[in-house]
Amino acid sequence: MTEKHMTKKQLKEDPFFEEVAHIIGFFQKKQKTIMIAGIILVIAVGGFFGNKAITQQKNTQAVGYFGIAMDYYNKNNLALAEDQFNLLTEQYETTDWGKRGYYYLGLISHKLEKPEDESVVYFETFVNSNINDDALKTSAYQLIGTYYYRNGDALTAGGNYLEAAKHALTKTDKLAYGIRAAEAYIEVDESAKRDAVLDYLTKLDLDENELNRINVLANF
């Protein structure tokens, strides 16, 4: 059988070959742009893994500073602990260990009997970070709530006690901080906020005595 070859005219008119020719022409015209895009992609991928390596290195360094600071803190050498935590938060603020540093700066500030509002700024900086540490956040929110309650701002105190309840690790703590929040809202006649707290608490796995404590607050 004689092979039938397509003429140049037929090749030109065939839709498939027209599309192939169009694609080849496109790549020829866009060759420089495509090469640049490829280079940019390589740089971006390299940058991603480079940044990841830098982040891991920073975390490793931050752990070391945190350990030194905690050693001073546990030995009650608060001045040196404060210096180390300040260094940690200044140089490694973006790491989880740097963010934890603000919590301990708040504790140290309180122990050194510095102005209470200074301690609260540290605690608020800590809780407003995106770190996932419910244990420390529970404590920080509780301390912030206590500060505002002592200074006559029961409304703000209630909000912080509620956050402490939501971050608490045990049902007992959730209930205790939730009740504090409800009581604070009762003091400022915020019945809607009180009811929201009680609604949150009733969704916990409470026994009969615990539910009775909540029902008492609902009648105020």
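The values are calculated or read from the model by the stated rules, or taken from the named source; none is laboratory data. Predicted model only: the values in this text are computed from it and were never measured. In this analysis, Cβ positions are derived from the backbone assuming ideal geometry, glycine residues included, and neighbour counts consider all displayed protein chains.
Tabulated values for the structure
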| read-out | value |
| --- | --- |
| Exclusive hit being within 25 Å of Leu169 (Cα to Cα) and either of a type in the set (A, V, I, L, M, F, W, C) or in contact (Cβ under 8 Å) with a residue 60 or more places away in the chain (or both), set Leu105, Leu88, Leu80 | Leu105 |
| Lone qualifier among Tyr177, Tyr103 - being touching a Leu at 6+ places or on another chain (Cβ under 7 Å) and surrounded by 22 or more Cβ atoms within 10 Å (Cβ to Cβ) | Tyr103 |
| Verdict on Tyr185 being on the phi < 0 side of the Ramachandran plot, in contact with a helix residue (DSSP H, G or I) (Cβ under 6 Å, 6 or more places away or on another chain), of a type outside the set (A, V, I, L, M) and free of Cβ contacts under 8 Å to residues at least 24 places away in the same chain | no |
| Residue tally, condition within 19 Å of Ala184 (Cα to Cα), within 31 Å of the chain's Cα centre (by Cα) and among the aliphatic types (A, V, I, L, M), over the range 196-213 | 4 |
| Of residues in the range 188-220 being outside any helix (DSSP H, G or I) and in contact (Cβ under 8 Å) with a residue 12 or more places away in the chain, the one farthest from Ala164 (Cα to Cα) | Phe220 |
| One residue from Asp134, Asp83 being modelled with pLDDT of 95 or more, under 19 Å from the mean Cα position of the chain (by Cα) and surrounded by fewer than 21 Cβ atoms within 10 Å (Cβ to Cβ) | Asp134 |
| Boolean, Thr202 is polar (S, T, N, Q) and closer than 22 Å to Tyr104 by Cα | no |
| Matching option when the condition is of a type in the set (Gly, Ala, Ser) and more than 25 Å from Thr95 (Cβ to Cβ), among Ala135, Ala154, Ala164 | Ala154 |
| Any chance Tyr103 is modelled with pLDDT of 95 or more and within 22 Å of the chain's Cα centre (by Cα) | yes |
| Residue list for the range 138-186, filter: closer than 21 Å to Pro115 by Cα, outside any loop (DSSP other than H, G, I, E, B) and of a type in the set (D, E, K, R) | Arg150 |
